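Reading through the structure tokens given below for one structure.
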Amino acid sequence: MPGQKLDDIDRMILAELQADGRMTNVELAKRVGISAPPCLRRVRTLEEQGFIRGYHADVNARELGFEVQVFAMVGLVSQAEVDLSAFEAKCQEWPLVRECHMLNGEVDFVLKCAAPDLRTFQNFLTESLTSAENVASVKTSLVIRGAKDEPGVPFDVLEARLQKDA
């Protein structure tokens, strides 16, 4: 099971950093109950092993003038691996696409897009997304408001599962 190669301290470090990635190593060490040097070594190891992918500020898109958020459900003509990879690469190039997820089922991909206004998104939709190679269909849903936007994973659920399996 993923997560089992991490010990309790590693999981506490990850949970604390997920909640507040700006805290100092000294504060982190205090919260997880170890001294600063081994805490820093553990954090670096977690980074090297890919458990920590980066540190980011949680910016308010609307306050920055990105008034339009849209989910786009994309169907492709071909689901051959080369075509799926080509579409993913294209999504990496489009700045309005903030997230790209391949799905199982009726829709091949769901994209989360952010744009300053509807006209900018419409231009992207008609000039880039729907005209992209291998795109068969695009259905969009405009976000009216968000009720929850929680990054990362629920560590309490992981801990409960590990306790149950122990």
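Going by a 4.7 Å Cβ-Cβ cut-off, which cysteines of the chain have no partner at all?
Cys39, Cys113
Run the dipole for region 1-86 about the Cα centre, Lys and Arg Cβ at +1, Asp and Glu Cβ at -1, nothing else charged, and hand back the magnitude in debye, nearest 20.
Working: 10 positive and 13 negative charges, 78 e Å.
Once rounded to the nearest 20, the dipole reads 380 debye.
Ignoring ligands, DNA and RNA, what percent of the 1.4 Å accessible area of the chain is carbon and sulfur?
Numbers: 5870 of 11560 Å².
On the chain, the fraction of accessible area on carbon and sulfur atoms equals 51 percent.
Apply the Debye scattering formula to region 1-142, with a single equal point scatterer on each alpha-carbon and no solvent, then give log10 I(q)/I(0) at q = 0.19 Å⁻¹.
-1.00
Which one, Pro37, Gln69, Val59, projects farthest toward the positive side of the charge dipole computed for region 21-80 from Cβ point charges (K/R +1, D/E -1)?
Of Pro37, Gln69, Val59, it is Pro37.
Report the Cα-based extents of region 71-166 along its three principal axes, largest first, to the nearest Å.
Cα spread of region 71-166 along its principal axes, largest to smallest: 53, 34, 23 Å.
Of Lys5/Lys30; Lys30/Lys148; Lys90/Lys148; Lys5/Lys164, which sit over 20 Å apart, Cα to Cα? Don't skip to the end; give the middle numbers.
Values: Lys5/Lys30 23 Å; Lys30/Lys148 30 Å; Lys90/Lys148 28 Å; Lys5/Lys164 16 Å.
Exceeds cut-off: Lys5/Lys30; Lys30/Lys148; Lys90/Lys148.
List the GluC sites (Glu not before Pro) within region 1-88 that fall in a DSSP loop (any state other than H, G, I, E or B) and whose Cβ has at most 13 other Cβ atoms within 10 Å.
Details: sites: Glu16, Glu27, Glu47, Glu48, Glu63, Glu67, Glu81, Glu88; in loops: Glu63, Glu67.
Those satisfying the criteria are Glu63.
At 7 Å along the Cα-to-beta-carbon direction for both Gln163 and His56, put a label point, then send me their distance in nm to one decimal.
Placing both labels 7 Å beyond Cα along the Cβ direction yields 3.1 nm.
Do any chymotrypsin sites (Phe, Trp or Tyr not before Pro) in region 1-77 lie in a loop, going by DSSP, with at most 16 other beta-carbon atoms within 10 Å of their beta carbon, and if so which? Can you show the working numbers first?
Working: sites: Phe51, Tyr55, Phe66, Phe71; in loops: Phe51, Tyr55, Phe66.
Answer by residue number: Tyr55.
Under unit Cβ charges (Lys, Arg +1; Asp, Glu -1), what dipole magnitude, rounded to 20 debye, does region 10-166 have relative to its Cα centre? Each step should come with its number before you reach the end.
Numbers: 18 positive and 24 negative charges, 111 e Å.
Using only the charged Cβ atoms, the result is roughly 540 debye.
The values are calculated or read from the model by the stated rules, or taken from the named source; none is laboratory data. Quick caveat: nothing in here was measured; it's all calculated off a predicted structure. Glycine gets a Cβ as well: all are built from the backbone with ideal geometry, and neighbour counts include every protein chain shown. Heavy atoms of the whole protein, side chains included, go into the accessibility calculation; ligands, DNA and RNA do not. Shrake-Rupley method; radii C 1.70, N 1.55, O 1.52, S 1.80 Å.
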